[in-house]
Amino acid sequence: MGEREKHVAALDQVLELAVLVNEDMTQSLAKIGLTPSRTHLLWEVFHRGSSTQRVLAEALKVSARNVTGLVDGLVESGFVTREPHPTDRRATLVTLTSHGSAVMAEMEAGRQEYAQLLLGDMSTPQLDGFTKGLATVLETLRSQITREVEIHA
């Protein structure tokens with residue numbers, strides 16, 4: 001197999017990995033009443049602490065309107081609350097409820113278990129090579145996306 005064919009075969013594996021991880025994540029989140037977008041917002045609040053919707057929109061790289069819809073759904077399902085901002089009366093803070101905090105703590109533990117499941121059988125040199133190669137691929141992809149955005153801006 002030539003270099004070009006190896007590159008295509010490797011890309012096919014990366015794409016399959018992306019599809020499988022996405023399917024697994026989507027199914028797992030659906031069992032607890034979440035979507036990937038809502039979970040991303042919860043993850044940001046879990047790691048940042050209470051945040052304004054503007055901060056969350058920037059973190060998620062979506063519009064404020066999109067965040068409003070996500071927060072509405074998370075308030076309705078008991079994962080977050082909206083509270084008045086202590087110093088800016090025009091802003092509200094999105095805060096995890098005790099239920100939201102518990103779910104996110106479980107998710108963090110599950111993330112560590114999942115990493116062990118997927119990568120635990122790799123030797124240290126295998127894991128080092130995998131992460132180094134993946135870092136190169138991710139940097140290339142990020143650069144390509146940035147270039148495309150700059151060209152179309």
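Each reported figure results from applying straightforward, stated rules to the coordinates on display, with no laboratory input. Owing to the predicted nature of the structure, the values given are computational and were not obtained by experimental measurement. Because the Cβ atoms are built from the backbone with ideal geometry, glycine has one as well, and the counts that use them run over all protein chains shown.
In this structure, the amide hydrogen of T52, modeled 1.01 Å from its nitrogen in the peptide plane, lies closer than 5 angstrom to those of V94, counting only residues at least 5 positions away or on a different chain.
From the mean inverse distance of alpha carbon pairs (Kirkwood) and the Cα radius of gyration, derive Rg over Rh for the range 33-121. Reported Rg/Rh, Kirkwood definition of Rh: 1.03.
Highest mean packing comes first when the peptides 19-32, 48-61 are listed by Cβ atoms within 10 Å, giving 48-61, 19-32.
The angle between the Cα long axis of helix 64-76 and the longest principal axis of the Cα atoms of the chain comes to about 70 degrees, rounded to the nearest 10.
Any idea what angle helix 36-48 forms with the longest principal axis of the chain, computed on alpha-carbon atoms, 0 to 90 degrees, nearest 10? Value to nearest ten degrees: 70. Axis angle, to the nearest 10 degrees, between helix 98-119 and the longest C-alpha principal axis of the chain: 0 degrees. Mean projection of the Cα convex hull over all viewing directions, computed for the range 1-75: 6.7 nm².
Between L60 and T95, how many nm apart are label points set 7 Å from Cα along the C-beta direction? The answer from the label model is 2.0 nm.
Diffusion of the chain by Stokes-Einstein, at 25 °C in a medium of 0.890 mPa s and with Rh set to the Kirkwood radius over alpha-carbon pairs, works out to 134 µm²/s. How large is the helix-only mean residue ellipticity at 222 nm for the chain, computed as the sum of -39500 (n - 2.57) over DSSP H runs with n ≥ 4, divided by its residue count, in deg cm²/dmol to the nearest 500? Helix contribution divided over all residues of the chain: -25000 deg cm²/dmol. Ordering of 139-146, 88-95, 64-71 by packing is 64-71, 88-95, 139-146, highest average first (other Cβ atoms within 10 Å, averaged per residue).
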